[in-house]
Structures are given as structure tokens and as C-alpha cells.
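The structure appears below as C-alpha cells.
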Amino acid sequence: MRATDDAPASVRLVEFYNAAQDHYFVTAAPNEIADLDAGVHPGWERTGLSFNVNASDVDGANPVCRFYIPPALGDSHFYSASADECLRTRQRFPGFVLESAAAFRIGLPDTSVGACPARTIPVYRLWDGRVDSNHRYTTDAQTRQHMRSVGWIAEGYGDDQVIMCAPSAANVDVALSGRAITKARAGGDTIAALEERPTSIFEQGPDRVVALLHDDGSRGTDYVAPAGWTLADIAVHPSGDVSVVLTTPTSVRLVRLHDGVVGDDDVLVDPAGATDPFFDYDGTPKNDEALQPFLMHDAARLAPLGESLALVIRTGRNAVVAYRFDVDASGRYQRTWRTLVEPGTFDRRRVPEQRKLRHVRSIPESCRGSRRRGR
């Protein structure tokens, strides 16, 4: 079957982790994913990582063999898109159980250099090197590097040791009128775009919304900040959930969206912010109780840490503070640590010039000349 101009049909290969075994497992089978999510096989939890694989036969995609490694040798699974490796595995390990000769389909890299074809991305395979043999499959380079740093062994082709080539997401075209996309991120089957309408110095701003798109390009429900709050930043998690940070001149608020629906929604409370170090220059302005700095309320940024979240803000004492939030079983954020990155400083000697500039800009041009002539 020859692929058409449209992106080939794909499904998600979802990763799970069992902490008691320290084992990883990936599957694209809907029944297996449902059973693991439901706890039919206790101890397995999603890691939040997944990637696309081909659901049907397309040009350049090989069938992937799947072996079950029995308990005496590891109690885990092994995947390969190489027909030669599948054959060698059966010959070398007769105790392995071939569960499927085509669990899914995926591309192979150039075996001499490890390069993947166009419209595909590298997949890395890592082996724990233990008696209880286990492999991890990922498209995330940082995850690969982390696993290597804790002793796992990379298996693949070329200098980057690429083992397979997964189909990349299709291109998504978005047309806007009167707004600009200032940030776009993707995770799971979600694409989130931060859209902003330009505002003048006389308007309350910034004016932003979160546009939620599906990986087929269709638009979901936009997220608009509640009245009185400004949308500062977004982060998209591997599951497709989207975290949003909102601000006012004094407050910070975290919202988590699942399929566009608000799940967790909490205002950040940080009593330590009032006592963070502050270096004062000639009585500089500050607000000990505020979690946003003097003269602005857009100083909050997010970064996804898997399904967890990093938040960095500048407070009313002008200090830079970083937080980590993990997600509990109910889907709510729980703060796991806080660190002061930079103590607060503010040079008041610059404030009069800033105020003068704003004052001049607020005077209509026609009035500025008459005021000068009046002197």
C-alpha cells in the first residue's frame, strides 16, 4: 500500500512505569492501555511520555516484532523493527515468547549513520543491563541522556544510536486576524498556542487567549482568563494537558486544562515571599505581600517537567523565585519545593526617568507644544 499525500494514520505508543519493578513498558494496544489505566495490572502508571507509530502498512514502515521476556529473564517486553534482529532474537533467546510479528509499524534509520527519513523523528532504545532485563523506548533526547547517566545502555545505529524512526506530527496551519501567536507548544494530541492582541500604552494588557488545537489541525475550545486576571504563560505536558499561569498586579494563579476543561485551579500562596532578601536603594518601592513586581504583572513563566511543572516568578520584593509542582492522584498540583534564585534589588534612581517618560507619552502631541510655548 502506498502512502497518500495525507499523513498516514497513526496511533500513540504510550509509556508506563512500575516503580516496584523499576520497569518501563510501552504499548499501542487500546485494550492494554485501558487495563493498565484501570489498575487491572497493579503498580503501573503512565509516565506522561508517548509518541506516534503507524497503525497500518505504509511505505517506509516496518512491522515491529514484540517478544515477552519471561520472569526468569526479566518479566518485560522487547521490540524491534528490524527483521534481522527479530530473527536473531528468536535464535539467541528461545525462551522469549513472540507475542506479535507486527505489534505496530514504524520506520528504520539508515543503519550505517542512524539518520531517519524525512517526516520522521528518532526513537531511542535503552537497556538496563540487569539480570531482570528491561528496555525503555523514547523519542525524548533528554530522557535518553538521563537514562544513560544512570547506567542504562543505548542500543541503535550511528553515533546517536537511533533504533527506530517514528512518524512526526502533521503540519497544522492556523490563520489569525488581529492577533499574533507568541508561543506554541505540543504534547500528546494537543497543540496549544498563546495568541495575543497588540495593545497600546493606554489599555490594560496584555490581552491573550490560549487556542487549543488537535493534532489534526481542528480547533478546540479557547481558554480565556477570568475577569481581572492576565494570561502570562502556558506549558503543554506529554499527556496533552495544558498548564496556564495567570497574574494580577499582586497575585499568581495556576490552572490545568484537560481536553480544554479546567481541572485544578489554585491561587499561589507563598508566605516566604514577604521575607525574601531585598537590597534597598534609597527607599525603593516594593510590596512585601505581592507575588508580582512593582510597575508590572507579567513576570511569571512555566516549563513542563513531564506531568509536573516548574514555575518562575518575580515577586513584589523584586526577587526571582522558582517552584516545582507535582500532580497528585486527584490531578491537583502539590508544591514540592521552592527556591530563591535571586534576591530582590531595585534602583530608585531610574524610576523618575521612567515616570517622566510615561507622563510625556500620555500627553497628546498637540498639547506638548502649547505647554512648551506657555513657559
- Note on the structure: Exposure proxy check on GLU15, GLU196: fewest-to-most Cβ neighbours within 10 Å is GLU196, GLU15
- Query: Which residues in the stretch 93-117 place their backbone N less than 20 Å from a point set 7 Å from the Cα of ALA72 along the Cα-to-Cβ direction?
  - Reply: 93-99
- Query: Modelled label-to-label distance, ASP57 and ARG90, 7 Å Cα→beta-carbon offset: nm?
  - Reply: 1.7 nm
- Query: Given C-alpha coordinates of the chain, what is the ratio Rg to Rh with the Kirkwood estimate of Rh?
  - Reply: 1.09
- Note on the structure: Computed over the stretch 180-356, the distribution of all Cα-Cα distances in 10 Å bins, rounded to whole %, is 10, 35, 33, 17, 5, 0
- Task: Per DSSP H run of n ≥ 4, the term is -39500 (n - 2.57); total these for the chain, divide by its residue number, and report the mean residue ellipticity at 222 nm rounded to 500 deg cm²/dmol.
- Result: -4000 deg cm²/dmol
- Query: Working out 0.36 nm times the residue gap between VAL113 and MET296, then minus their Cα-Cα distance, what length gain in nm do you get to one decimal?
  - Reply: 60.8 nm
- Query: Taking the Cα centre of each part, how many Å lie between the stretch 211-260 and the stretch 76-94?
  - Reply: 44 Å
- Task: Starting from the Cα gyration tensor of the stretch 275-328, multiply each eigenvalue by 5, take the square root, and state the resulting semi-axes largest first in whole Å.
- Result: 27, 11, 8
- Task: Would you kindly compute the Cα radius of gyration of the stretch 10-167 and its largest Cα-Cα separation (Dmax), both in Å?
- Result: 14.8, 42
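Every read-out reported here was derived from the displayed coordinates using simple, explicitly stated rules and does not represent laboratory data. Given the structure is predicted, the values throughout are model-derived calculations rather than measurements. Glycine also receives a Cβ, built like all others from the backbone with ideal geometry; neighbour counts cover every protein chain displayed.
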